[in-house]
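Structure record follows, encoded as structure tokens.
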Amino acid sequence: MSNKYRTHNCNELRKTNVGQNVVLSGWINKKRDHGNLLFLDLRDNYGITQCIIDRENKNFNELEKIQLETVIKINGKVVNRSTETINKEILTGEIEVGIETFKVLGTCKELPLPVFSDQEYAEDIRLKYRFLDLRRKKIHENIILRSKVISFIRSEMNKLGFLEFQTPILTSSSPEGARDFLVPSRLNPGKFYALPQAPQQFKQLIMVSGFDRYFQIAPCFRDEDARADRSPGEFYQLDLEMSFVEQEDVFDVVEKLLVNTFKEFSDREFLQGKFPRITYKEAMLKYGSDKPDLRNPLIINDITDIFLRDDVKFDIFKKLVNSGSMVRCIVTKNTKDKPRSFFDNIDKWAKDQGASGLAYFTLEKEKEVVGKGPIGKFFSKESLEQIMKITGAEIGDSIFLACDKKKDLEKITSLARDKIAKDLNLINENSFAFCWIVDYPMFEKDETSGKIEFSHNPFSMPQGEIDKINFDNPLDILAYQYDIVCNGIELSSGAIRNHIPELMYKLFSVAGYSKENVNEKFSGMINALNYGAPPHGGIAPGIDRIVMLLANEKNIREVTMFPMNQNAQDLMMNAPSEVSNNQLKELNLSLKLKK
RNA sequence: GGGGGUGUAGCUCAGUUGGUUAGAGCGAUCGCCUGUCACGCGAUAGGUCGAGGGUUCGAGUCCCUUCACUCCCGCCA
């Protein structure tokens, strides 16, 4: 392509172009002014070309004064660089362009932040001047990576026989799940649309409509608080759904897709071939979490029973165990010679996390096995041998113990597992460890209200033969509900859906919804299921998180073009913002602001 | 809603036990410099030390309140 702005882009010229007259346009990335000789790095999306001008040229003085990041067009001739002056860092480094004339296409004020710099700088300035921030190499490349990943996924999904459809952005609010973003309806006073938290019902309706395999790079909106890996407001999912499938069919498609995608865009090694399947129950025990980082070799073991023995004298834990607490431990291999500070730091860290601390002792051998360290003396030889049997611990290893009620215990042991592995440098950062978490419970009990609630997706199919499901013990019902996890990050949730209306009513009734409730709140879905619904299931991997993993970024804003800050504000566009009284009036809204 | 961290020049940061006129690098402006690629050298400008209150002879520094950003908990079927 050649037009009045350029004959080549800034990453195109090579030795073979020497002698040609060219036109280049771009931003002034950097100037090196030698007084009578000026080097000027011109940058565009594609790369950098060094341009040069000296005092002989009548444009020299003017060009010398131009502000960095100004957009200019230059006319000039491609010249060879002498061997000593070749720059191997850039692809155009063997040549430079001798500037003959130039024209300013876009002026630039004094910069609020440097573009040409690897320096970190404050998030609010980056977000306010996102268009400048996005010019910087690292994030510019992240956003390009994101685009390529999405294109690749689209093409893979097409190859796998999936059709891409759009679903409505203005839809209805539904109970369950996250807080909705609401949009007032002008034509229907007092009524509101909701932005979809996910196209969940629509994708199931697409299956009922007979399309067999659907996918979409779907925007999802949830009005919840942000985290480093969670944008406030909106994010994207690779939403997919398949008819006439079992759980394994979904796994098969997703594993293929993720393996291909991660191999295409990363050189990091896969720690497993086929993704391991771990039941929810096992994950909560061994890792204290349903999103375990399997790069971390540490395992949690339950040793509550040890504290029922008479020859164990650790009374604090024994009392807690008698009142319903449990004891779980983490074994670290061959840590007997670690300094006292190593152990105390972890104990102090645990206290900072709000736990009562982490007790510890080390297994050593004198005449027989003994526990060394602050609480070692409370354990008999036999009890230590039992611990070694349960945990696989050996002489020279250390045991970290926590005692608490189940949920708090899971939380602290999970955090401790990460913390200890980091301190001992056990995690292979240059790898991907995927796993499936399966067999989620259909329901869970809310700890404060004691109410039975759906633990994940209310539309999931319960496991077992339908007429044999025991609704008297709803907490024991498992669902065909699964998550996929990579390096401790939850990439997505999915399920085989419940396509049988009567079963749906039954499950909703357990969670306190009447048939009328269900008919009203999920009318589109429930109605459709009465007209010949195929068995179906799907999943929805998070695009942002996939790109985060591939770009090796810890923060989702580093792979999001125009993110909001933690308070869900867009500092560049000034969103959200107030609206005029007329707008409110049209929508039949009035404001009652809290002080 | 709760807890932690940060806030000093346009940007990144230093600032000792509370003590003279608050510093550096980058950037900006001006001057010198014809082979740099983080060019070099010299000079100049640039500060409500986030804001407010307090303690003190004296506060960037100590105390209280508050704001902004960020990380975490809650929340996220």
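The values are calculated or read from the model by the stated rules, or taken from the named source; none is laboratory data. Just so you know, these numbers come straight off a predicted model, no measurement behind them. Using ideal geometry, Cβ is built from the backbone for each residue, glycine included, and neighbour counts are taken over all protein chains shown.
Tabulated values for the structure
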| read-out | value |
| --- | --- |
| Every residue from region A:242-281 that is in contact with a strand residue (DSSP E or B) (Cβ under 9 Å, 6 or more places away or on another chain) and of a type in the set (D, E, K, R) | A:Glu246, A:Asp249, A:Glu255, A:Lys263, A:Arg268, A:Glu269, A:Arg277, A:Lys281 |
| Unmet criterion (only one of (1) in contact (Cβ under 8 Å) with a residue 60 or more places away in the chain; (2) of a type outside the set (A, V, I, L, M); (3) out of contact with any strand residue (DSSP E or B) (no Cβ under 6 Å at 6 or more places or on another chain)) for A:Tyr46 | (1) |
| Strands (runs of 3 or more DSSP E) within region A:191-253 that include 1 or more residues within 16 Å of the chain's Cα centre (by Cα) and not charged (D, E, K, R) | A:213-222, A:233-243 |
| Any hit, region A:524-541, residues being among the β-branched types (Val, Ile, Thr) and closer than 24 Å to A:Gln237 by Cβ | yes |
| Some residue of region A:429-440 being of a type in the set (Gly, Ala, Ser), touching a residue at least 24 places away in the same chain (Cβ under 8 Å) and surrounded by fewer than 14 Cβ atoms within 10 Å (Cβ to Cβ) | no |
| First in region A:104-125 and among the polar types (S, T, N, Q), second anywhere and surrounded by 14 or more Cβ atoms within 10 Å (Cβ to Cβ), Cβ under 6 Å, 6 or more apart | A:Thr107/A:Thr70 |
| Residue check, A:Val518 away from RNA strand B (no atom under 12 Å from the Cβ), within 30 Å of A:Asn428 (Cα to Cα) and not polar (S, T, N, Q) | no |
| Region A:349-365 - residue that is surrounded by fewer than 21 Cβ atoms within 10 Å (Cβ to Cβ) and in contact with a Gly (Cβ under 8 Å, 6 or more places away or on another chain) and, of those, nearest to A:Lys381 (Cα to Cα) | A:Glu364 |
| Strands (runs of 3 or more DSSP E) enclosed by region A:1-90 - at least 3 residues per element that are within 8 Å of RNA strand B (Cβ to nearest atom) and within 17 Å of A:Thr101 (Cα to Cα) | A:37-43, A:48-54 |
| Residues located in region A:548-595, provided they are more than 27 Å from A:Leu127 (Cα to Cα) and within 12 Å of RNA strand B (Cβ to nearest atom) | A:Lys594, A:Lys595 |
| Pick from region A:155-174, criterion in contact with a Phe, Trp or Tyr (Cβ under 8 Å, 6 or more places away or on another chain) and within 30 Å of A:Lys585 (Cα to Cα), ranking: modelled with the lowest pLDDT | A:Ser174 |
| Lone qualifier among A:Ile95, A:Ile74 - being touching a residue at least 60 places away in the same chain (Cβ under 8 Å) and touching a strand residue (DSSP E or B) at 6+ places or on another chain (Cβ under 7 Å) | A:Ile95 |
| A:Ile139 being within 14 Å of A:Asp239 (Cα to Cα), under 22 Å from the mean Cα position of the chain (by Cα), in contact (Cβ under 8 Å) with a residue 60 or more places away in the chain and assigned to a helix (DSSP H, G or I) | no |
| Strands (runs of 3 or more DSSP E) lying entirely in region A:399-485 (those with 1 or more residues that are within 13 Å of RNA strand B (Cβ to nearest atom)) | A:443-445, A:452-454 |
| Scan of region A:28-57 for residues that are closer than 17 Å to A:Asn75 by Cβ and buried (at least 16 other Cβ atoms within 10 Å of the Cβ), ordered by number | A:Ile28, A:Leu38, A:Leu40, A:Leu42, A:Asp44, A:Thr49, A:Gln50, A:Cys51, A:Ile52, A:Ile53, A:Asn57 |
| Condition met for A:Glu156 (among the charged types (D, E, K, R), surrounded by 15 or more Cβ atoms within 10 Å (Cβ to Cβ) and outside any loop (DSSP other than H, G, I, E, B)) | yes |
| Tally, over region A:161-188, of residues that are under 24 Å from A:Val254 (Cβ atoms), of a type outside the set (Gly, Ala, Ser) and surrounded by fewer than 16 Cβ atoms within 10 Å (Cβ to Cβ) | 3 |
| Residue selected from region A:201-230 under the condition among the hydrophobic types (A, V, I, L, M, F, W, C) and under 17 Å from A:Ile556 (Cβ atoms), by the criterion nearest to RNA strand B (Cβ to nearest atom) | A:Ala228 |
| Candidate set from region A:101-134 (those that are more than 10 Å from RNA strand B (Cβ to nearest atom) and of a type in the set (Ser, Thr, Tyr)); member that is surrounded by the fewest Cβ atoms within 10 Å (Cβ to Cβ) | A:Thr107 |
| Total residues in region A:385-418, condition closer than 18 Å to A:Lys286 by Cβ, of a type in the set (Lys, Arg) and modelled with pLDDT under 90 | 3 |
| Number of positions in region A:275-304 that are part of a loop (DSSP other than H, G, I, E, B) and either out of contact with any Phe, Trp or Tyr (no Cβ under 9 Å at 6 or more places or on another chain) or under 10 Å from A:Trp436 (Cα atoms) (or both) | 10 |
